[in-house]
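Presented below is the structure to which this report refers.
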Amino acid sequence: GDGFAQVQAGLGFGTRIGGSVSIFADASVATVRYFDERSLDYSAFSGAVGASADIGPIALTATYQPSVVFTRDFGDRKLTTHRFRLAASTAFRVAGVNVAPEIHGERSITHPADYSAWSGGGSLTLSTPLSRQVPVLAFAQIGYDRRSFDDYFEAFVGVKRKDDNLSGGVGVLWRPTAWGEVKAAYSYGRNWSTSDVNRYRANSGTLGLT
């Protein structure tokens, strides 16, 4: 299999209104370079705006995420995506470990329309501090998503595309200041699909500064 390197930079802000509602927005730019298959290289602009409200122990979050993917060095536009996401989550502690389950649903509208889809799923995140003196957290996450495409090249593939995606990851997060963090993580993903060419396994490592 091939591998790739990604560089990304972004800017975001958030604020709380009335003690129970939060609003947020961010924008980022990224470029991806594959080691072998250079024709897969791409660059992208993406953003997000949303709001979150606490209803008892449940946090409801609505997000709109636009993105535009270009060929290498922002040449030709390849794909425009509008994602609308609604999620419900909560958090609690068990034996000193922070537990955060979430369920979510999403609608993606794309141009070209071949990638438009409905999806839904859930995730579970566990985290715990590693030290009382140093602000370092260890975390682990597992997630599942079911995705049904409107019409993914059905005339060529011969079947309606439906995917089942299982993902997981572990990592360490260090917050040296109130406004920044450093994260190192490993993630694994496996995708089952009715479309043969979209079945895959993926391993990735991330080192990020926020």
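The values are calculated or read from the model by the stated rules, or taken from the named source; none is laboratory data. In this text, all values refer to a predicted model and were calculated from it rather than measured experimentally. In this analysis, Cβ positions are derived from the backbone assuming ideal geometry, glycine residues included, and neighbour counts consider all displayed protein chains. Quick note on the areas: whole protein, heavy atoms, side chains included, nothing else; ligands and nucleic acids left out. Shrake-Rupley method; radii C 1.70, N 1.55, O 1.52, S 1.80 Å.
The residue that is farthest from the chain's Cα centre (by Cα), among those in the stretch 153-198 that are modelled with pLDDT of 95 or more and open to solvent by 100 Å² or more (accessible area, probe 1.4 Å), is W192. In this structure, A113 does satisfy being of a type in the set (A, V, I, L, M) and over 17 Å from the mean Cα position of the chain (by Cα). Could you identify the single residue in R83, R72 that is surrounded by 15 or more Cβ atoms within 10 Å (Cβ to Cβ), basic (K, R), touching a strand residue (DSSP E or B) at 6+ places or on another chain (Cβ under 7 Å) and modelled with pLDDT under 95? Exactly one of R83, R72 is surrounded by 15 or more Cβ atoms within 10 Å (Cβ to Cβ), basic (K, R), touching a strand residue (DSSP E or B) at 6+ places or on another chain (Cβ under 7 Å) and modelled with pLDDT under 95, namely R72. Among the residues of the stretch 119-153, the ones that are more than 16 Å from V172 (Cα to Cα) and in contact with a Gly (Cβ under 8 Å, 6 or more places away or on another chain) come to 10 in all. Just a yes or no: is a residue in the stretch 79-95 within 14 Å of the chain's Cα centre (by Cα) and of a type in the set (D, E, K, R)? Looking through the stretch 79-95, at least one residue is within 14 Å of the chain's Cα centre (by Cα) and of a type in the set (D, E, K, R). For the stretch 126-168, give me each residue that is more than 19 Å from N198 (Cα to Cα) and free of Cβ contacts under 8 Å to residues at least 24 places away in the same chain. Answer for the stretch 126-168, where residues must be more than 19 Å from N198 (Cα to Cα) and free of Cβ contacts under 8 Å to residues at least 24 places away in the same chain: P129, S131, R132, Q133. Scanning the stretch 174-206 for residues that are under 17 Å from I142 (Cα atoms) and of a type outside the set (V, I, T) yields a total of 14. For the stretch 157-210, a residue qualifies if it is of a type in the set (A, V, I, L, M, F, W, C) and either under 20 Å from D114 (Cβ atoms) or outside any strand (DSSP E or B) (or both), and the qualifying residues are V157, V159, A178, W179, W192, V197.
Looking for something within 26 Å of W118 (Cα to Cα) and free of Cβ contacts under 8 Å to residues at least 40 places away in the same chain - is there at least one such residue anywhere in the stretch 10-17?
Filtering the stretch 10-17 for residues within 26 Å of W118 (Cα to Cα) gives none.
Checking the stretch 10-17: not a single residue is within 26 Å of W118 (Cα to Cα) and free of Cβ contacts under 8 Å to residues at least 40 places away in the same chain.
Taking the stated definitions as given, is S204 hydroxyl-bearing (S, T, Y) and surrounded by 15 or more Cβ atoms within 10 Å (Cβ to Cβ)? When the stated conditions are applied, S204 does not pass them.
Here V94 passes the criteria (1) without any contact (Cβ under 8 Å) to a residue 12 or more places away in the chain; (2) farther than 25 Å from G143 by Cα except the one numbered (2).
Within the stretch 189-210, the set of residues being closer than 30 Å to A178 by Cβ and touching a residue at least 24 places away in the same chain (Cβ under 8 Å) comprises T206, L207, G208, L209, T210. Restricting Q8, Q65 to those that are assigned to a strand (DSSP E or B), polar (S, T, N, Q), open to solvent by 40 Å² or more (accessible area, probe 1.4 Å) and over 26 Å from R146 (Cβ atoms) reduces the list to Q8. Restricting attention to the stretch 44-57, the residues that are of a type outside the set (D, E) and modelled with pLDDT under 95 total 3. Each residue in the stretch 86-135 was checked for being loosely packed, with under 13 Cβ neighbours inside 10 Å, among the basic types (K, R) and not in a loop (DSSP other than H, G, I, E, B), and 1 of them qualify.
For the stretch 140-148, indicate whether the set of residues that are modelled with pLDDT under 95 and assigned to a strand (DSSP E or B) is non-empty.
Our first condition is that a residue be modelled with pLDDT under 95; within the stretch 140-148, this holds for none.
Among the residues of the stretch 140-148, not one is modelled with pLDDT under 95 and assigned to a strand (DSSP E or B), which makes the answer no.
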